[in-house]
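Read the figures in this text as sums done on the coordinates, not as results from a lab. Everything numeric here is computed off the predicted structure, so don't read it as measured data. As a convention, Cβ positions derive from the backbone with ideal geometry for all residues, glycine included, and neighbour counts pool all protein chains shown.
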Amino acid sequence: TGSDNNLAAAVAGSAGVDAGPSATADTENSSTTTAKIKDGVAGRTIDLSTRGTGAFRIAAEHTAAFNSYVRTLAGGLLAGSGATVDNTVASTVEAAVGDHVTILAKDVDIDAINHVSKDWLYEWDDNESQWVILTNIKGTTGGLIRAGGGAESNTAISLTTVISIGDQALLEVL
């Protein structure tokens, strides 16, 4: 079992004749979680049917939790702001039985599970005297000429989740 929890935050502000702050908040998660019985030897048997519950279980599980937020503020004669949020998750989870493994059991359970979580962010609002949902990107501009602002939020998720049984492996439920 594995987990990652990433949070990126950026705050930028500027003021003057020509004000234009920009801010970027990025998270990156790259992980591999593996639960495996490695390659066996021909003729050797793992017999669980006479021990304990007799159950055989392999479980590989990973959770990638991430979030990010950006705040920008610009004020001046000519004002504008920009914000970028990038989140990248690449997770590989594998539950495996190697080559030439022989297992005898009363029950066989093999799990490979990949989770991705991007929960809401909260902030305390003094005016409301309560917790409120925090937006991921917030930009404010003020001035004689306001150019506005640009905002971009990108999330890329790549999950590889595999259960593999090797060559000449035998899993037998008795």
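Just a few scattered comments:
- Charge context of VAL108, other residues only, Cβ under 14 angstrom, K/R +1, D/E -1: -3
- Aspartates and glutamates whose Cα lies under 19 Å from that of LYS118, excluding same-chain neighbours fewer than 8 positions away: ASP4, ASP26, GLU28, GLU61, ASP86, GLU152
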